[in-house]
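Worksheet: one structure, shown below.
The values are calculated or read from the model by the stated rules, or taken from the named source; none is laboratory data. Predicted model, so just to flag it, every value in this text is computed and none were measured. Note: ideal-geometry Cβ built from the backbone for every residue, glycine included; neighbour counts use all protein chains shown.
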Amino acid sequence: MPEPIAALDGRMLLPVCDPAVSGTRNCSLLRWIRGRSVANRFGPQHFRAQGRLMAQLHNFSVQWHPPAGLSKRRLDWEGLLHDDVGSGMTNAQAWELLSPRNREAFAFIAERVREVMDDWGQGPDVFGLIHGDLGVDANLLFWHGEPRAIDFDDSGLGYWAFDLAVALDACRDDPAYPRYREALLDGYAQFRSLSERQAEQLELFLAGLQVYWNLWATGGTHLYPNLLRDLQERMTRTAEFAVRYARQKGGLSLR
């Protein structure tokens, strides 16, 4: 994990102002993490190693007691599909900007995600502090074969299955997806058991991740059109994955 470095007075977080920049920034300093990204050259061994690391992170979360007054975002249904997640527009508002086809597909997935989350509840067997953005293509480095996690700014209180679905996002359209999925869960099982009912819903949470991300991008590109050029291709790919899932699982025509 990145090691935080305290200021001379012992503080871990410092408000910093500069005349050239409006407002105040809260700044921290972390030691450098040695490692390399495997974004375009990953194999099953990387997913297996990631599974081991995520299981250890989740085990830590189960026994961790947050300090009084701590405020963390919630990666539950409202946090993912309703709230403002940083685009400047709430995801609830972004629904109105979707095409009719995408809105129908996304609504099917969102309702299924809500049903599963409501059924599971938020007990420690299914819910806790998660990284929320850890994948072999992002925020995961490897040093001599060992995984090292960085960039915890999207962490929050969410479902273990969602965290694992985020890990699978890197290979969601890869023909070798079943092998990567098996390797991830095999590594995870070395340190922590995942119930069958949670494993069975990984693809639903993976589809829900595409809905969440697409709503964020839809809101952001509507308010800041200059972002559209950078995000358009990924918006199309994430929407197509969600549409395929809705067709397969819901029998929707979605023309």
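Can we say Ala6 is small (Gly, Ala, Ser) and free of Cβ contacts under 8 Å to residues at least 60 places away in the same chain? Full working, then the answer.
On the way: small (Gly, Ala, Ser): yes; free of Cβ contacts under 8 Å to residues at least 60 places away in the same chain: yes.
Considered against the rule, which asks whether it is small (Gly, Ala, Ser) and free of Cβ contacts under 8 Å to residues at least 60 places away in the same chain, Ala6 comes out as yes.
Do any helices (runs of 4 or more DSSP H) lying entirely in segment 154-255 carry at least 1 residues that are of a type in the set (Lys, Arg) and farther than 24 Å from Phe42 by Cα, and which ones are they? Break it down into steps so the answer makes sense when it comes.
Values: elements: 160-168, 177-189, 196-199, 202-223, 228-250.
Those helices (runs of 4 or more DSSP H) span 196-199, 228-250.
Within segment 132-152, track down each residue that is out of contact with any Gly (no Cβ under 9 Å at 6 or more places or on another chain) and of a type in the set (Asp, Glu).
Residues satisfying the conditions are Asp133, Asp137, Asp151.
Of the numbered conditions (1) under 22 Å from Arg101 (Cβ atoms); (2) modelled with pLDDT of 95 or more, Asp186 satisfies every one except a single condition; which is it?
Asp186 satisfies every listed condition except (1).
Taking the condition of being within 19 Å of the chain's Cα centre (by Cα) and either free of Cβ contacts under 8 Å to residues at least 40 places away in the same chain or not in a helix (DSSP H, G or I) (or both), how many residues in segment 90-100 meet it?
Count: 2.
How many residues does segment 1-57 contain that are among the basic types (Lys, Arg), buried (at least 16 other Cβ atoms within 10 Å of the Cβ) and part of a loop (DSSP other than H, G, I, E, B)? Spell out how you get there, then give the answer.
Going through segment 1-57, the residues among the basic types (Lys, Arg) turn out to be 11, 25, 31, 34, 36, 41, 48, 52.
Now narrow it down to the ones that are buried (at least 16 other Cβ atoms within 10 Å of the Cβ): 48, 52.
Restricting the remaining residues to those that are part of a loop (DSSP other than H, G, I, E, B) gives none.
Qualifying residue count for the region: 0.
Here are the criteria: (1) assigned to a loop (DSSP other than H, G, I, E, B); (2) surrounded by 10 or more Cβ atoms within 10 Å (Cβ to Cβ). Tell me which single one Gly79 does not satisfy.
Of (1) assigned to a loop (DSSP other than H, G, I, E, B); (2) surrounded by 10 or more Cβ atoms within 10 Å (Cβ to Cβ), only one is false for Gly79: (1).
Would you mind stating whether Ser61 is surrounded by fewer than 13 Cβ atoms within 10 Å (Cβ to Cβ), polar (S, T, N, Q) and either within 29 Å of Glu111 (Cβ to Cβ) or modelled with pLDDT of 95 or more (or both)?
Details: surrounded by fewer than 13 Cβ atoms within 10 Å (Cβ to Cβ): no; polar (S, T, N, Q): yes; either within 29 Å of Glu111 (Cβ to Cβ) or modelled with pLDDT of 95 or more (or both): yes.
Against the criterion (surrounded by fewer than 13 Cβ atoms within 10 Å (Cβ to Cβ), polar (S, T, N, Q) and either within 29 Å of Glu111 (Cβ to Cβ) or modelled with pLDDT of 95 or more (or both)), Ser61 does not qualify.
Please indicate, with yes or no, whether at least one residue in segment 243-253 is modelled with pLDDT under 95 and on the phi > 0 side of the Ramachandran plot.
yes
Residue by residue through segment 140-194, note down the ones that are more than 21 Å from Val62 (Cα to Cα) and of a type in the set (D, E, K, R).
Of everything in segment 140-194, those that are more than 21 Å from Val62 (Cα to Cα) and of a type in the set (D, E, K, R) turn out to be Glu146, Asp169, Arg172, Asp173, Asp174, Arg179, Arg181, Glu182.
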